[in-house]
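A short reminder: the numbers here are calculations on the coordinates, not readings from a lab. Small disclaimer: the values here were computed from a predicted structure and weren't measured. Positions of Cβ are generated from backbone atoms using ideal geometry, with glycine treated the same way; all protein chains shown enter the neighbour counts.
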Amino acid sequence: MVRNSILKWSFLQLLININFQPAFAAPSRQNLSHHEYDYVVVGGGPAGLVLVEQLTLHPQVSVLLLEAGPDSSLDPLVSTPAYWFETSAYLWNYTSAPDPALNGRTPDLWQGRALGGGSSVNGMGYCRGASSVFDEWAEISGNPGLAWNSMFEAFKATTHFQEDIHPEDQVAVNLTSFGNGPVEITTQRYQLSLDRPLVNLFKSTKNVPEIDFVSGYGIGVTEQTDAIRASNRTRSYAWNTFGWLAANRPNFEVRHDAWASRIGFTGKKADSVTYNDTLSNTMHTVTANKVVVSAGAIGSPQLLMLSGIGPTAHLEALNISVVHDSPMVGQNLMDHHYAQLVFEASPSLDTVWQFTGNATGRQIAEAEYDTNGDGLLGGVDGNVFSAIRLPDSVFAGLGNYHTSLPADRPHFIYEYATVPFQTQYQNQSVITPFMALVQPEGRGNVTLATNDYRDHPIINAAYWATPADKAAILYAYKDYRSLIGSPELKQYLPVELFPGANITSDEDIWSAIQQSSGSFHHPMGTVAIGSVLDENWRVHGVEGLRVIGSPAAPKIITCHTMATSYALGYRAAQDIIAADLS
């Protein structure tokens, strides 16, 4: 997605202009000076921060968190919801390897690189998706805690819902689906002008219900809930919730700008982590009784392979000493891939152009937001999505993978953003409708390019990798294009800019899909429980090493992955505490 440096605010302006009222006092950097930590956790995203918060509830346990990125919590580009697309300073700038399905294009696969991980830079959408996915996880992994009923309790334990000014025509949120956890969830206060017309069109043309997507339902349409603090409309994320709770405890230490390069072993026992303090460019090694990796679905398999856990032939080819042959490390990569349309927005339509395209619009938006979080800046730039199932006829003669998915699972999510994803439209007021395949048949992988931790791994993303996946995106692209271009929306979206009205043949539409395909930045599954990991998150074949979070998921879920990352961290924490501390 396009992330231009539109706004540069000083720290003084932050103090003056942003009404930032965190739930907890900002923590100071702590130094426990332990010779050996009970746990060293690598990666400060949602799963890792939930884990350290839960572990540090036990005062006898010492915990060190290593995060490669900085602390971004005082940056208004992070705390202000509408500026999520301006947070490029806090990203791993990963790109996919040249993809044969895209004529060799290399779409980005950026991931969060800051305390808070992806929750510090994403679009804040909070949903859980189809319950059957989690029941399947429990079957695959042998861990009953991953079944929907148990995960539902983990979802509740990590979040709290606070009602905001709720337009009467929005669907009600099931309050019993939330608990008293630290992460604040709320609805959109400022309703974008396209939201209700689009919701109503989905309901009438797709025959889907309007639902909240947090109670186990997979198919429907919603104006989604978001990880935003209702009181002041600031981002609520893993670091300023779980992280700040842990950081105020004496048995916790956090080191940011600490880029882990390898896990050390004595025999088959993981007992240290080496990292680069990138502020001073000095290498350090810390010892640990146990190591937990929560570095995301790209960083986690990379670190394991650099440390000698992975496919033997691959590691030996790069002169990496093999600790344990684990062929599935880095395999089973799944993501939510999308293709996009672009429509010109009418002057009456709310888009980011209103506060980025001219100084007056920016001043108005800032003034509204500074008062009490009102206006465009207090919400995300596109808040509607519809999760739909395609007709079985789309997959005729292409196998039964998609048609055999349980009935509560959609095939596609249809969404829109008021942000121009393509650079040629960045100086126009546009909307970008996009459609994402949520449970692809194709699988990619992550492998090492070199044995140097500073070199990005090779990410084979597997866009539209099977005939059935390709048939699905072709159908969905034409379907959504027809819906967005319908007479009901003409007053808002007068002109199709991409691919353009002259593009009509399947061949040309496929070319448009290839040109506009990208990642939802939701990779999962590369260190899966049930294959690489046992039911208690432990890496098979070694001792003292676990992996948690998105890489541990055996299958990808059917909507945005942030909520699930929190819940996975919570479930893993309960399992680890029960196994190690009981």
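Towards the positive end of the charge dipole of the chain, with charges on Cβ (+1 Lys, Arg; -1 Asp, Glu), say which of GLN188, ALA297, THR558 has the farthest Cα.
With unit charges placed on the Cβ atoms, the residue in question is ALA297.
Multiply the residue gap between GLU163 and ASN149 by 0.36 nm, knock off their C-alpha separation, and tell me the result in nm, one decimal place.
This chain segment gains 2.6 nm when fully extended.
At a Förster distance of 56 Å, what's the computed FRET efficiency of ASN232 paired with SER321, Cβ-Cβ distance as r, to 0.05? Before the final figure, lay out each step's value.
On the way: r = 51 Å, r/R0 = 0.92.
Calculated value: 0.65.
With all pairs of different alpha carbon atoms counted, what Kirkwood hydrodynamic radius in Å does the stretch 363-461 show?
17.9 Å is the Kirkwood radius here.
How far apart, in nm, are two points set 7 Å out from the Cα along the Cα-to-Cβ line at THR423 and at ASN281?
About 2.8 nm, to one decimal.
At 0.36 nm per residue, minus the direct Cα-Cα distance, what do ASN174 and GLN491 gain on full extension? Give it in nm, one decimal, please.
110.8 nm
How large, in Å, is the stretch 36-581 by the Kirkwood hydrodynamic radius built from its alpha-carbon pairs?
After inverting the pairwise mean of 1/r, the radius is 23.5 Å.
Quick check: residue separation of ASP108 and SER261 times 0.36 nm, minus the Cα distance between them. What number comes out in nm?
52.8 nm
Give, to the nearest whole percent, the P(r) tail of the stretch 51-107 beyond 20 angstrom, counting all Cα pairs.
Considering the stretch 51-107, 59 percent of its Cα-Cα pairs are separated by more than 20 Å.
At 7 Å along Cα-to-Cβ for each site, give me the label-to-label distance between ASN358 and GLN574 in nm.
For ASN358 paired with GLN574, the spin-label model returns 5.4 nm.
Test of understanding: extend the Cα→C-beta vector of LEU57 to 7 Å, then name every residue of the stretch 159-195 with backbone N under 20 Å from that spot.
Residues passing the 20 Å test: 159-161, 177-185.
Which trypsin sites (Lys or Arg not before Pro) from the stretch 230-290 combine a DSSP loop assignment with at most 16 other Cβ atoms within 10 Å? Kindly include the intermediate steps, with their values, before the conclusion.
On the way: sites: ARG233, ARG235, ARG255, ARG262, LYS268, LYS269, LYS290; in loops: ARG233, LYS268.
Hits after loop and neighbour filter: LYS268.
Whole Å is fine, so just give me how far the alpha carbon centre of the stretch 126-175 lies from that of the stretch 199-253.
Going from one Cα centre to the other spans 10 Å.
In the stretch 204-279, if the dipole is taken from +1 on Lys/Arg beta carbons and -1 on Asp/Glu beta carbons about the Cα centre, which of THR274, VAL254, SER204 is farthest to the positive end?
Of THR274, VAL254, SER204, it is THR274.
Mind checking the dipole of the chain: about its Cα centre, +1 per Lys or Arg Cβ, -1 per Asp or Glu Cβ, Debye to the nearest 20?
Dipole size: approximately 480 debye.
In degrees between 0 and 90, to the nearest 10, how far off the longest principal axis of the chain does helix 562-580 point, with axes built from Cα atoms?
Approximately 20 degrees, to the nearest ten.
For the stretch 499-537 and the stretch 281-303, write down the distance between their C-alpha centroids in whole Å.
So the two Cα centres are separated by 28 Å.
To make sure I understand the rule: partners must be lysines, Cα under 21 Å from the Cα of LYS478, and not fewer than 8 residues away in the same chain. Which ones qualify?
Within the straight-line cut-off, LYS478 pairs with LYS203, LYS206, LYS470, LYS490.
Mind checking which lysines have their C-alpha under 30 Å from LYS269, skipping anything on the same chain fewer than 8 residues away?
Qualifying lysines at Cα under 30 Å: LYS290, LYS555.
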